[in-house]
Amino acid sequence: QVQLVESGGGLVQAGGSLRLSCAASGFTFSIYYMMWVRQAPGKEREFVAAISRSGGQTFYADSVKGRFTISRDNAKNTVYLQMNLLIPEDTGVYYCAADRTPVRVVNIAEYDYWGQGTQVTVSS
């Protein structure tokens, strides 16, 4: 049974940091691309960051470049999102997602497995 379980969300002041984790099970984690997606209240889900199978390639939305870092530990079946210099616009539910062979790595629609999400709230 495939499971993606996010953790690490919470309430933080603007300028602060959070580190999200996503623990994977039920599939061969190391051969899947991983993605972080967020959804703000009343808005559609949006791509945040993605990482290749080995971790050698990373991809970011322009809105988070230079502030967020995606990484993975294939030995621990876990992907991370380090979020620094948080701003209120970063508020939302953060989801991790997995896909084995995305044609476009940043295309949310191609990702098959999804977690339940973790809430991130940034206060001004």
Rounded to the nearest Å, the spacing of the alpha-carbon centers of segment 88-121 and segment 63-86 is 12 Å
Ratio for segment 1-66, C-alpha Rg to 2.2 N^0.38 Å, reads 1.25
Given a Förster distance of 35 Å, the FRET efficiency implied by the Cβ-Cβ spacing of S25 and Q82, rounded to the nearest 0.05, works out to 0.95
A correct Karplus calculation of ³J(HN,Hα) over segment 87-104, with 6.51 cos²θ - 1.76 cosθ + 1.60, θ = phi - 60°, whole Hz and x for Gly and Pro, returns 10, x, 5, 7, 4, x, 8, 9, 10, 9, 9, 9, 8, 7, 9, x, 6, 10
To the nearest 20 debye, the chain has a Cα-centred charge dipole, built from +1 on Lys and Arg Cβ and -1 on Asp and Glu Cβ, of 240 debye
Percent of all Cα-Cα pairs per 10 Å bin for segment 30-124, counting from 0 up to the last occupied bin, reads 17, 53, 27, 3
Along segment 31-42, Karplus-curve 3J(HN,Hα) (6.51, -1.76, 1.60; θ = phi - 60°) to the nearest Hz, with x for Gly and Pro, reads 10, 10, 6, 10, 9, 10, 10, 10, 9, 7, x, x
Of all stretches in the chain that avoid trypsin sites (Lys or Arg not before Pro) placed in a DSSP loop and having at most 12 other Cβ atoms within 10 Å, the longest is 1-42
Computed ³J(HN,Hα) along segment 71-86: with the Karplus parameters 6.51/-1.76/1.60, θ = phi - 60°, integer Hz and x for glycine or proline, the list is 8, 9, 10, 5, 5, 9, 6, 9, 10, 10, 9, 8, 10, 10, 6, 5
Pseudo-spin-label distance A109 to Q1, built 7 Å along Cα→Cβ, given in nm, is 3.1 nm
Expressed per residue, the solvent accessible area of segment 5-124 in Å² (1.4 Å probe) is about 49 Å²
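The values are calculated or read from the model by the stated rules, or taken from the named source; none is laboratory data. Everything quoted here is computed from the prediction, not taken from an experiment. Using ideal geometry, Cβ is built from the backbone for each residue, glycine included, and neighbour counts are taken over all protein chains shown. Protein only, heavy atoms only, side chains kept; ligands, DNA and RNA dropped before computing areas. Shrake-Rupley method; radii C 1.70, N 1.55, O 1.52, S 1.80 Å.
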